[in-house]
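Everything on this sheet refers to the single structure shown next.
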Amino acid sequence: MNWNNYISMLMVLCLGAGCNKPVKDAGAKLPVVSKYLIEADELRSIIDQDSLILLDLQRPEDFNKGHLPNAINLWRSALNNPSFKYDGMMPEREMLEAVLQNKGVSPDAFLVLYDNRGSCEATRLWWILKHYGYDRMAILNGGTQAWSQVDSLTSVTTVKPQGNFKFPEYAKAPTSDNILVTDLSKMIDQNQVVVLDTRSKEEYEGLTLKQGAQWAGRIPGSIHIDWMEAVDQSTYRFKEPTELQNIYNKMLNNDLLAVTYCHSGVRSTHTYFVLTELLGRKNVTNYDGSWVEWTNHFQQELVN
């Protein structure tokens, strides 16, 4: 049985019964294909389920132009930790709980995350939720572009009552999917990591300086693979695993920890998703602070 069809069937049964077991539990012995992807036609067949909540990660102006039925807009600015002197750091656990409560999310909800950027924004929220122990979710493969092939987008806004979302109690301890700037710097000096820059070529080469960073450039020793390399530009869906292997495997040393980074830790989560979920790589972490934090933490230096 196709993995995505299997997940859809499981979601229907689980949502209909109101069960709380994570979707991932049922597929532990299946081949390495992401447990967190759903196709547009599969979503269409279950979209009326009461426990299903669609979180739209588009910019508000794009959301107003067109979104999935009953979707709730949640733009990146709501996923920022204001306790740092620079923007882009993921929110604390309690901060995100409050955000999701305001969006009408309950603890037993199954979340479908999507955007109009090749799932870049969706993987950011996926990574944060997973970091805090929540895995009842899936990413709509292809986002709004894929949905428009099976049904219509709408401009009608939905308002949900206040929810009571809480992260699982067992997930209070941070996981190993994020690396701190001081640890990354030490590991670079000791040649213990391969650092993967997922930004544009212009950013990597220091030709573009984006807001928040103190100077243009790249982390010393990093290699460049634009996150968009993993996206089919005609459909905005993830490329097939064989294509992804050709892109990434020749660039990465399997014996070293792979660290993904970008400007502010958004695009890097897309590559993190590709490496861990679509290619099954275990030795991967994301650098949430990314270039913004790096340039705020260190003085400007030459890169090799």
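The values are calculated or read from the model by the stated rules, or taken from the named source; none is laboratory data. Small disclaimer: the values here were computed from a predicted structure and weren't measured. In this analysis, Cβ positions are derived from the backbone assuming ideal geometry, glycine residues included, and neighbour counts consider all displayed protein chains.
Counting the residues of the stretch 119-160 that are under 16 Å from residue 267 (Cα atoms) and part of a strand (DSSP E or B) gives 1.
When you check residue 242 against the structure, is it out of contact with any Leu (no Cβ under 8 Å at 6 or more places or on another chain), part of a loop (DSSP other than H, G, I, E, B) and either without any contact (Cβ under 8 Å) to a residue 24 or more places away in the chain or assigned by TED's automatic domain parsing to the domain that holds residue 91 (or both), yes or no? Taking the combined requirement at face value, the residue does not satisfy it.
Does residue 196 satisfy the criteria of being modelled with pLDDT of 95 or more, closer than 24 Å to residue 281 by Cα and not in a helix (DSSP H, G or I)? Yes: the conditions hold for residue 196. Only one residue in 70, 116, 81 is out of contact with any Cys (no Cβ under 8 Å at 6 or more places or on another chain), surrounded by 21 or more Cβ atoms within 10 Å (Cβ to Cβ) and part of a loop (DSSP other than H, G, I, E, B). Which one? Of 70, 116, 81, the one residue that is out of contact with any Cys (no Cβ under 8 Å at 6 or more places or on another chain), surrounded by 21 or more Cβ atoms within 10 Å (Cβ to Cβ) and part of a loop (DSSP other than H, G, I, E, B) is 116.
Here residue 239 passes the criteria (1) surrounded by 15 or more Cβ atoms within 10 Å (Cβ to Cβ); (2) closer than 24 Å to residue 54 by Cα; (3) touching a Gly at 6+ places or on another chain (Cβ under 6 Å) except the one numbered (3). Screening the stretch 242-271 for residues that are among the charged types (D, E, K, R) and surrounded by fewer than 20 Cβ atoms within 10 Å (Cβ to Cβ) and picking the one that is farthest from residue 186 (Cα to Cα) gives 243.
Checking each residue in the stretch 122-136 for being touching a Lys or Arg at 6+ places or on another chain (Cβ under 7 Å) and either over 17 Å from residue 34 (Cβ atoms) or not assigned by TED's automatic domain parsing to the domain that holds residue 61 (or both) picks out only 132.
Of everything in the stretch 261-289 that is within 12 Å of the chain's Cα centre (by Cα) and of a type in the set (Ser, Thr, Tyr), the residue that is nearest to residue 36 (Cα to Cα) is 276. Is there a residue being at pLDDT below 95, in a loop (DSSP other than H, G, I, E, B) and not assigned by TED's automatic domain parsing to the domain that holds residue 268 anywhere in the stretch 100-107? Looking through the stretch 100-107, at least one residue is at pLDDT below 95, in a loop (DSSP other than H, G, I, E, B) and not assigned by TED's automatic domain parsing to the domain that holds residue 268. On inspection, residue 163 fails the criterion of being outside any helix (DSSP H, G or I), touching a residue at least 40 places away in the same chain (Cβ under 8 Å) and at positive phi.
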